[in-house]
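The structure appears below as structure tokens.
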Amino acid sequence: MTDTALPPLTRFSFTLDKHVAHLRLNRPERMNSMDPVFWGELDRVLKHLHRSGDARALVISGEGKHFCAGMDLAVFQGSLQLDDQTAEGRAAVFDLLGEMQATFTLLESLRIPVIFAIQGACVGGAVDLVTAGCIRYATADAFFCVQEINIGMVADVGTLQRLPKLLPMALVKELAYTGRRLSAAKAAAHGLVNEVFDTPHACLAAALQCAQEIAAKPPVAIWGTKQVLHYARDHSVEDSLRQMGWMQGAIWSTRNVQESVKAMKEKRAGEFPPLVDLKYFGE
């Protein structure tokens, strides 16, 4: 079913079915490139998903031959004219980039896992996008490219910060310095991609299947697992073990454990409470 709580979308289509949200980039005539409308709509969708307890996993895919060509180059001649002639203009670059970075960081901080199904080109800003997710499936013809260096700039919305957590640093430097393409096969060999599929249909089916499996687990346990994994990525083992103790003490649910075991024995789906809808204090 379509989620009617969201305003109409023009750069995406959105569905929510059996607690699995599916966000699809739907501007294939422009290779699903990112214009200002894209950023605004993505920000609104992610904030909506974060606050609602309905979705338990999010799949993001793209219509057409290519997943995403990154930033629409027309933007650089239009609404994204960066002023490098004054100190004030250069200061504004910092604030603009911070806003764009925050949108992709929403994927990382989202209360539910994010799974990407990638076909064809995944370049420039699209690499920033997918590296903020949890799981990446790709088609055999998919490729990744740090395109920014090819147009004379430094990748600035998350690629250079997240890619080294996912690939060997020497490989990241090769990609970032040269703008070469990384094939799906090589991306899978180095762990950036979880699995490679022959067709977009098979790739998306795998992503949705994974999301359905996640959605069948206790939402609060999935939430806690994501929190712990991200903390461990950025902290020492000692600190992470301490945080693990705090986390488990905070969210342990005997009911969820008993229901999980009972459902497994009875070969049925478990029944678990959703995450609580968030309502912010100032509203």
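The values are calculated or read from the model by the stated rules, or taken from the named source; none is laboratory data. All figures in this text were calculated on a predicted structure; none of them were measured in a lab. Note that each Cβ is placed from the backbone with ideal geometry, even for glycine, and that neighbours are counted across all protein chains shown. In case anyone asks, the SASA skips ligands and DNA or RNA and just uses the protein heavy atoms, side chains included. Shrake-Rupley method; radii C 1.70, N 1.55, O 1.52, S 1.80 Å.
Across region 64-70, coupling constants 3J(HN,Hα) worked out from phi with the 6.51/-1.76/1.60 Karplus curve, θ = phi - 60°, read x, 6, 10, 5, 6, 8, x Hz, and Gly and Pro carry x. Packing, as the average of other Cβ atoms within 10 Å across residues, places the peptides 156-166, 191-201, 48-58 in the order 48-58, 156-166, 191-201, highest first. Of the solvent-accessible surface of region 8-80, computed with a 1.4 Å probe and all protein chains present, 55% belongs to carbon and sulfur. The alpha carbon radius of gyration of region 86-144, expressed as a multiple of 2.2 N^0.38 Å, is 1.41.
For region 61-162, report the % of Cα-Cα distances exceeding 19 Å. It works out to 48 percent of all Cα pairs.
The heavy atoms of THR254 offer some 70 square angstrom of accessible surface to a 1.4 angstrom probe. Compactness of the chain is given as radius of gyration and Dmax, 19.6, 69 Å, from Cα positions. When the helices of the chain are scored as -39500 (n - 2.57) per DSSP H run of n ≥ 4 and the total is divided over every residue, the value at 222 nm lands at -14000 deg cm²/dmol.
Summed over the residues of the chain and divided among them, the accessible surface reaches 52 Å² per residue at a probe radius of 1.4 Å. The slack between ILE151 and ASP277, meaning 0.36 nm per residue of separation minus the straight C-alpha distance, is 41.1 nm. Provide the FRET efficiency to the nearest 0.05 for the ASP17-TYR231 pair, computing r from the beta carbons and using R0 = 35 Å. So, using R0 = 35 Å, E works out to roughly 0.65.
Toward the positive end of the charge dipole of the chain, with +1 on the Cβ of Lys and Arg and -1 on the Cβ of Asp and Glu, the farthest Cα among PRO28, VAL220, HIS48 is that of VAL220. Rounded to the nearest angstrom and listed largest first, the equivalent-ellipsoid semi-axes of region 1-67 from its Cα gyration tensor are 20, 13, 9. Distances between placed amide hydrogens fall under 5 Å for ALA57 paired with ALA21, all partners being 5 or more residues away or on another chain.
Taking the accessible area of region 195-283, probe 1.4 Å, and keeping the other protein chains in place, the carbon and sulfur fraction comes to 62%.
For region 126-136, the Karplus equation 6.51 cos²θ - 1.76 cosθ + 1.60, evaluated at θ = phi - 60°, returns couplings of 5, 5, 3, 5, 6, 6, 7, x, 9, 9, 10 Hz by residue, with Gly and Pro reported as x.
A probe of 1.4 angstrom, applied to the heavy atoms of all protein chains, finds THR105 with accessible area near 50 square angstrom. The convex hull defined by the C-alpha atoms of region 228-283 has an orientation-averaged projected area of 6.2 nm². Over all distinct Cα-Cα pairs of region 125-233, the Kirkwood formula returns a hydrodynamic radius of 15.1 Å.
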